[in-house]
Structure formats: C-alpha cells, structure tokens
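Read the structure below first, then the notes.
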Amino acid sequence: MPEMPEIMIPFEDVSYVLLDLDGTLLDKHFDDTFWLEFVPGRYAEAKGMSVEQAREHLFTTYRSHEGTLKWTDLDFWSQEMEMDIPAMKHELRHLISPLPHAEEFLSRMRAEGREVHLLTNAHHKSVSLKFQRTGIGHHFTSVLTSNELGSPKEDMEYWHTAAKLAGFDPARSLFIDDTVEVLRAARDFGVRFVVHKARSSSAKAPENSEEFPSITDFNDLFAPA
C-alpha cells in the first residue's frame, strides 16, 4: 500500500464539518458482519437452505439495489426477506463502536465553534440504534439521512436538499466519507475540502483513494503537536 501524503486542512477556513457515519465515524465491522454473515445465516435457517445458497441469493439482491434508497432501507429489507431487520440489528449491537479518535474529533470541532452535520445513507432506525449504543448523537447540529431526504448521497439532489436544510456553505465545508462515489458527488457540489476515510473497519487494512486525500485516523488531519 502506498504511503499516504500528509494532509493539512486549514481549519481557519472551515465553518462546517460534514461527516458520514458508517465506515467514517463508526466501525464498519458491525455492518459487514451483520449483512454478510448474520443475515445470511438467519435467512438460511428461515428458508431451509444452506448458508452458501442464502449468501448467493442475498448478495445478488444487495447488488441490484446498491446506490439506491432501498440499499439502506431497513423496512424494505424486512419486507424483502420476511424478517425483522431492525430487531436483528439489536441482537448484534455489541459490535457497534466508534473508530479511533472519532469522538475526540467531534468534541474538538464543536469546541472550536464549528457546526457538525451528519450526512448518511443509513436508515434513521439504524442511526437511532447507533446513537443509543455510542452516545455520539449530541455532537451533531443536524442529522440528514438519505431515506428522509428522498435521495442517496451519490445523487446531487441529496446535496442540494441537505445544504438547504442544514444551511451549510460548501465553500467553507469539510466532508469526510469512506465511499469514493459519495466523495465525487460532494466535490461536484462544490464542497471545498473532501477527504477519504481509508480505514473504515477494524477488521480490514486501510484502502487509500487514488482520487482523494486519504486518512486512516482523524488525527491525520492535524499537524503533530
């Protein structure tokens, strides 16, 4: 893996901090385990098939809705699979945890007087569970889920609606996300500082972006003390 260049954000030019949730602030190990292991196992039991058969069927279904509102719509998946997906997430909630220095970063940004907005494709029921588990919800000036705004973050419509509702100025904003397609949308919308989160899961090695500056840890945004 190539060494990542040092990232120096001129925070004096940042009034708004826009953050993704899963894979940016929170460890994506929870979501990966839930959707790739836990759900196929339960689906296999319910449908009387092997776990491999369940995975093959579900992964094909997942991919067919990737990049759409249905991708993270827990109510849609509950209906599609005939299982209570929100209740199943509660069963695995012990795996929900912030990534290193995420909470310190949130606290620092608020202490320095910046607005902190959560921009996420996660369903509001998932956001609620993760806030209950981690206690990070109080840091945010606003929470803007794609399900409630009516379009995924990959679409420009999301950004226009989010900026109108939250009142952030893209020219004075920093946005951090682990998904390149979403970062492209933010850049195209005019967000001045766009940063890729290379380490999204504690169970996987960092994956740098060739298109955007990458960080593995929030401390990478600051010069050494």
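Derivation of every value follows stated rules applied to the coordinates shown; laboratory data play no part. Only a predicted model underlies this, so the values are computations on that prediction, with no experimental measurement involved. When we count neighbours, we look across all protein chains shown, and the Cβ atoms used for this are built from the backbone with ideal geometry, even at glycine.
Angle between the Cα long axis of helix 124-134 and the longest principal axis of the chain, 0 to 90 degrees, nearest 10?
Roughly 70 degrees between the two axes.
Once the Cα atoms of helix 156-166 and of the chain are each reduced to a long axis, what angle between those two axes, in degrees from 0 to 90 to the nearest 10, is obtained?
It is inclined by approximately 60 degrees.
State the label only: which of (i) 1, 7, 14, 19, 20, 17, 11, 7, 4, 2, 1, 0; (ii) 1, 6, 13, 16, 16, 13, 11, 9, 7, 4, 2, 1, 0, 0; (iii) 1, 7, 16, 21, 23, 18, 10, 3, 0, 0 corresponds to P(r) over Cα pairs in 5 Å bins from 0, in percent computed from the shown model?
Answer by label: (i).
Full extension from Q132 to H160: what is 0.36 nm times the residue separation minus their Cα-Cα distance, to one decimal in nm? All intermediate terms of the calculation are to be shown ahead of the outcome.
Numbers: separation 28, 0.36 × 28 = 10.08 nm, distance 2.90 nm.
That pair, Q132 and H160, stretches by 7.2 nm at full extension.
How far, in degrees from 0 to 90, does helix 180-189 lean away from the longest principal axis of the Cα atoms of the chain, to the nearest 10?
Orientation of helix 180-189: about 40 degrees from the principal axis.
About its Cα centre, how strong a charge dipole does the chain have in debye, to the nearest 20, once Lys and Arg get +1 and Asp and Glu get -1 at the Cβ?
460
Considering only DSSP beta bridges with both partners in the chain, what is the antiparallel share in %, to the nearest 5?
5
With just the Cα atoms of segment 174-225, tell me how far they stretch along each of the three principal axes, in Å, largest first.
Principal axes ranked by extent give 30, 29, 15 Å for the Cα atoms.
Given the DSSP H assignment, sum -39500 (n - 2.57) over each helix run of at least 4 residues in the chain and divide by its residue total; what's the result at 222 nm in deg cm²/dmol, nearest 500? Can you show the working numbers first?
Numbers: 10 runs with 89 residues, N = 225.
So the helix-based figure for the chain works out to -11000 deg cm²/dmol.
Determine which residues of segment 155-180 fall in the zone a paramagnetic label at S15 would reach in this model, i.e. backbone nitrogen under 20 Å from the point 7 Å along Cα→Cβ.
159-176
Explain nothing, just compute: Karplus ³J(HN,Hα) = 6.51 cos²θ - 1.76 cosθ + 1.60, θ = phi - 60°, for every residue of segment 25-33 in order, whole Hz, x for Gly and Pro.
So the Karplus estimates, Gly and Pro as x, are 8, 10, 5, 6, 4, 4, 5, 4, 5 Hz.
Modelled label-to-label distance, R172 and V51, 7 Å Cα→beta-carbon offset: nm?
For R172 paired with V51, the spin-label model returns 5.2 nm.
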